[in-house]
Each structure stands twice: as structure tokens, then as C-alpha cells.
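Below is one structure, written out as C-alpha cells; the observations come after it.
The values are calculated or read from the model by the stated rules, or taken from the named source; none is laboratory data. This one's a predicted model, so the numbers in the text were calculated from it and none came from an experiment. Neighbour counts run over all protein chains shown; Cβ positions are idealised from the backbone, glycine included.
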Amino acid sequence: MKSAVETLNPTRVRLTVEVPFEELKDSLDAAYKKINQQVTVKGFRKGKVPARVIDQRFGRGAVLEEAVNDALPRFYTDAVNEAELNPLGQPEVDITELKDGETLNFTAEVDVRPTIEIPDYSGIEVEVDAVEVTEDDVEKAVEQLRERFASTTPVERAAEDGDVVTIDLEAKVDGEVLEDGVASGVSYTIGSGELLEGIDDAVKGLEAGGEATFTSELKGGSAAGKEAEVTVKVTQVAARELPELDDDFAQLASEFDTLEELKADSRKRLEDMKQFDQATQAQERVLDKLLELVEVPVPEKLLEDEINTRKHNLEHHQLAQMGLTLDKYLEIQGKTAEEFDTETREAAVKGIKTQFVLDELVNKEELGVDQEELTEHLMRRAASSGMSPDQFAQAVVQQNQVPMLVGEVARGKALAVVVEAATVKDTNGEIVDLEDEDETAEATETAEATETAEATEAAEATEAAEGKAENKGEGEEKAEA
């Protein structure tokens, strides 16, 4: 076999391959055997039809077609390996010549990883938010803890802001009660914004046994996005009582004996969170600076696939779980379809460039991944997916995604190398030492998140707008071809 490579552009090549006919022998034998098992010829036992009879009865062309289809992947792979290419995706193959008994010639066009030169990145400088925890921050954290330990006492009076009411709901669309539009015994805190728009005004002023009707747009279920007539009946009104902020509360709500100890612990936790955010911010901004330094051509077909993947994940997973259509999401966000397409494309370009650059850094810095690092990463991914480590590991193995996880860890380590070499200052002008933030750097998994976080963030923004978002979701990295 002979092959040659023609570079069409920085991310695409054309392979020209010439295969002597004798190299098709194994595939021809396999083709005759396969056809033998599929056909019946009078006078011959099944599977024992001679090759010349198959040629006469079914045509030599059918045999050649079967043989070429079997052999092409092998010849293509051999040509790729011989040229030391890093193909992305499936090739476009064109058989240019097939002469029985003489030769097989074909071409294969395929996207390849571009050649990337990593410049000196030691001069990168970025600014991040300073870690500052105010007394108001501490008081707010303690107050949130206090809210969790609030008690409720049934009262015989009209419902007010902050009360907890037990309600029954019935939703109608076009005068018909929805099958999934009836709920009983729902506990709701007036003013929390956790249910339907308009419900606060409807229940305020009602005593137990009272009911009201209001109109609201449904957020989920079979009639998501439609206007519904909702009847709400209050079955109980309960006043919320907050515990006194004293040492007894500290002992009730924590392992501490005094309120001052509880506040000190809250301050430490807030500082840790802000340090985590600071390290994440440093990674993101260093990565942006690094991408500005590197010229990275992006294969158009790979970009198209990435854009489609992001749109599919957003529309059919994140938005579908919230009962929203893409049009409704865009309406909530105040964006046009054109703006959404532009943002998605920009995010996809950044994701692809990030992977290419960090993969090149992995090779340049000769970074490896040991079993302990892979196991720790797997544990974090399992926790974020809501699966047990064993379940997640089994799924990864079954889907042949172990190399993908290894790539995620390696890219995280590559980014950590760049962050370590960069100068990071906070808004107060102080140098930020991120050496103690190794776990933060790994947990952030910027290399992974960059490829899909932008699409995920869109869904999260919608959740926040609907008053339902509590935890940030995690995207899935598109597996490398």
C-alpha cells in the first residue's frame, strides 16, 4: 500500500491511497464466506457454494463491493498511522479507481488536530476579587441558619407575609382540569416565590377554609407555558417563629457551645468559599489570557458538531427538565434567536480552542495521570452526577469513556501549570498565592467545564429567573473523536 498526504488547510487533509489488489485477498475471502452464509443455490449445501458460482449467479461486483467495504477502514487506519495524523471525526472517502485483479485507489478527506505553538506564558497577569468577609456577610449566614431552625405554630387568623400555609391547588386550562394540575397538602411560605406567580396575593388575607382563584402561567407539567385558572384553598395557616440568637441556638444548630464560636465558624466557611471562588476566577482569567496568546484554527465540521451538541443538551435536557421550550427560554432571557446562535457559536469555539491548547500543553509539559488522580476525579464526577462511585465507574467503562476522564484530569493539570506560572493579584493589589488551592483547581475542572459550561449556564440562568435554582449544574464534556 502507498499513501500520500495533501494539506488542504491547517485543520484538514486529503489522503491518497493506492492498494495492490493482492492486499484485498483476506477481505475477498471474507466476502465470499459472508455471501455463502446468506444465499441458497440449488445443488450446493448452504455455505459450500464455490466462488466461481457466486460470481456467476450474483456477480463479481457484489463480492468486490463487500470486500472493499470490509477493507477500507483498515487501509485508512494504516494510512493515518503512517502519516502520523491526529484525525477528528469520520473521513469522507471517495473510491477513485477499482480494477478487478489490479488495484484499489481511494482518497479520504478528514479534519485533523491543528499544529499549535505554545508561547511563553510565564508573563500572564490577571486580577481577581479580594477575599473579604464583612460583618454583614456573617450576620446574613447566621440568619439563614436561623431560618432553617424556625418552628411553625398554627394560628386562627388571616395569612400574612412570612406565614406557612397548607394549601390545595387545582389548575384549569380552557375550562378543563389538568390531570397533573391537582395537588393537596402543599406547604408554602408566603413571599418565598417558590410556586406560581400571583399565589402570594391570592392567599394573603385568607383564613383556614378560605379559597381564591387567580390566573398564572404554568412553569411545568403537561401545559407548561400556558395560562391557567388556578384555584387555591387554604387548609391551615401557621406562623413562623425564629429561635433567639443566643448560646442555646448555637448548641441547637451546631457543634459549638456559644454564639460567638458559631459566628467565627461561619466567617471561616465564608472565607473558604470566597477563596474557592477566587481560585476559580483566577483559572478562568488565566485561561482567557492564554487563549489570547495562541493562534488556534478550528475545524469547521467539529465546530458545527459542537454547536449542535450544545443546543441539543440545552433544549432537550436542561430546558426540558424545567418544562420550558427554547423560545420561552429566549423570551425570559430577553434574547433573539440570532443572539443565542452567536453566543453558542462563540462558546463552542472557546471550548474547542481550550481543549486543543491544554492537550498541547499536556504533551509539552509531559504531564501524566496516575491511578490515584483518576480515582479522585471519578469520585468527584460521581458525586456531581448523583451516582455512587461504583455506578459511575461502571457506566464510564461500559461507554468506553475512561480515556475521556484521563483527558479531563490531564487538562486540569495543564491549566494548573499555567496558573502557577502566572501573576495573580487581587483588587487590593496583593499577590494571591494559589499553591494551597490545589484541590480547588482540580475540583473546578476548568478544562472540562469550558467546553460545556456555557450551555449549562444558560439553563441555570433560566432556573434563577424562575426562582428555582439552588445548585449550579455541571455540563458533560463532548468526547474527543
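Just checking, how many residues over the range 1-19 are surrounded by 15 or more Cβ atoms within 10 Å (Cβ to Cβ), β-branched (V, I, T) and farther than 14 Å from E97 by Cβ? Within the range 1-19, residues that are surrounded by 15 or more Cβ atoms within 10 Å (Cβ to Cβ), β-branched (V, I, T) and farther than 14 Å from E97 by Cβ number 3. Taken over the range 340-371, the criterion of being at pLDDT below 95, at negative phi and loosely packed, with under 15 Cβ neighbours inside 10 Å is satisfied by N363, K364, E365, G368, D370, Q371. Residue check: is T189 among the polar types (S, T, N, Q) and surrounded by 12 or more Cβ atoms within 10 Å (Cβ to Cβ)? The answer is yes for T189. Any residue at all in the range 27-49 that's without any contact (Cβ under 8 Å) to a residue 40 or more places away in the chain and in contact with a Ser or Thr (Cβ under 7 Å, 6 or more places away or on another chain)? There is at least one residue in the range 27-49 that is without any contact (Cβ under 8 Å) to a residue 40 or more places away in the chain and in contact with a Ser or Thr (Cβ under 7 Å, 6 or more places away or on another chain). For the list (1) closer than 30 Å to S254 by Cβ; (2) surrounded by 15 or more Cβ atoms within 10 Å (Cβ to Cβ), I need the number of the one condition that A159 fails. So A159 meets the others, but not (1).
Against the numbered list (1) in a strand (DSSP E or B); (2) more than 19 Å from E160 (Cβ to Cβ); (3) touching a strand residue (DSSP E or B) at 6+ places or on another chain (Cβ under 9 Å), E179 comes up short only at (3). When K25 is tested against (1) modelled with pLDDT of 85 or more; (2) surrounded by 15 or more Cβ atoms within 10 Å (Cβ to Cβ), exactly one condition is not met: (2).
Here A282 passes the criteria (1) in the same structural domain as L218 (by TED's automatic domain parsing); (2) surrounded by 17 or more Cβ atoms within 10 Å (Cβ to Cβ) except the one numbered (1). If the condition is being farther than 18 Å from G210 by Cβ and β-branched (V, I, T), then the range 148-166 contributes T152, T153. Say whether the condition of being in contact with a Gly (Cβ under 8 Å, 6 or more places away or on another chain) and not in a strand (DSSP E or B) is met by at least one residue in the range 233-250. Among the residues of the range 233-250, not one is in contact with a Gly (Cβ under 8 Å, 6 or more places away or on another chain) and not in a strand (DSSP E or B), which makes the answer no. Can you find a residue in the range 269-277 that is outside any loop (DSSP other than H, G, I, E, B), assigned by TED's automatic domain parsing to the domain that holds M322 and without any contact (Cβ under 8 Å) to a residue 24 or more places away in the chain? Within the range 269-277, one or more residues are outside any loop (DSSP other than H, G, I, E, B), assigned by TED's automatic domain parsing to the domain that holds M322 and without any contact (Cβ under 8 Å) to a residue 24 or more places away in the chain. Of the strands (runs of 3 or more DSSP E) lying entirely inside the range 76-168, those containing at least 2 residues that are outside the structural domain of V237 (by TED's automatic domain parsing) and not polar (S, T, N, Q) are 87-99, 103-112, 125-128. Listed conditions (1) farther than 28 Å from K353 by Cα; (2) of a type in the set (G, A, S); (3) buried (at least 18 other Cβ atoms within 10 Å of the Cβ) are all met by A79, apart from (1). Only residues that are assigned to a helix (DSSP H, G or I) and either of a type in the set (V, I, T) or under 39 Å from the mean Cα position of the chain (by Cα) (or both) were counted in the range 253-265, giving 5.
Condition check for A320 on (1) crowded, with 17+ Cβ neighbours inside 10 Å; (2) within 16 Å of the chain's Cα centre (by Cα): one failure, at (1).
When each of A223, A208 is tested for being assigned to a loop (DSSP other than H, G, I, E, B), touching a Leu at 6+ places or on another chain (Cβ under 6 Å) and in contact (Cβ under 8 Å) with a residue 12 or more places away in the chain, the lone residue that passes is A223. Could we say that G181 is surrounded by fewer than 17 Cβ atoms within 10 Å (Cβ to Cβ), touching a residue at least 24 places away in the same chain (Cβ under 8 Å) and not assigned by TED's automatic domain parsing to the domain that holds K328 here? Spelling it out, it is not the case that G181 is surrounded by fewer than 17 Cβ atoms within 10 Å (Cβ to Cβ), touching a residue at least 24 places away in the same chain (Cβ under 8 Å) and not assigned by TED's automatic domain parsing to the domain that holds K328. Would you call A208 surrounded by 12 or more Cβ atoms within 10 Å (Cβ to Cβ) and either more than 10 Å from V237 (Cβ to Cβ) or out of contact with any strand residue (DSSP E or B) (no Cβ under 9 Å at 6 or more places or on another chain) (or both)? No; evaluated as a whole, the condition is false for this residue. Taken together, E97, E84, E102 contain a single residue that is at positive phi, loosely packed, with under 15 Cβ neighbours inside 10 Å and either in contact with a Ser or Thr (Cβ under 7 Å, 6 or more places away or on another chain) or not basic (K, R) (or both), which is E84.
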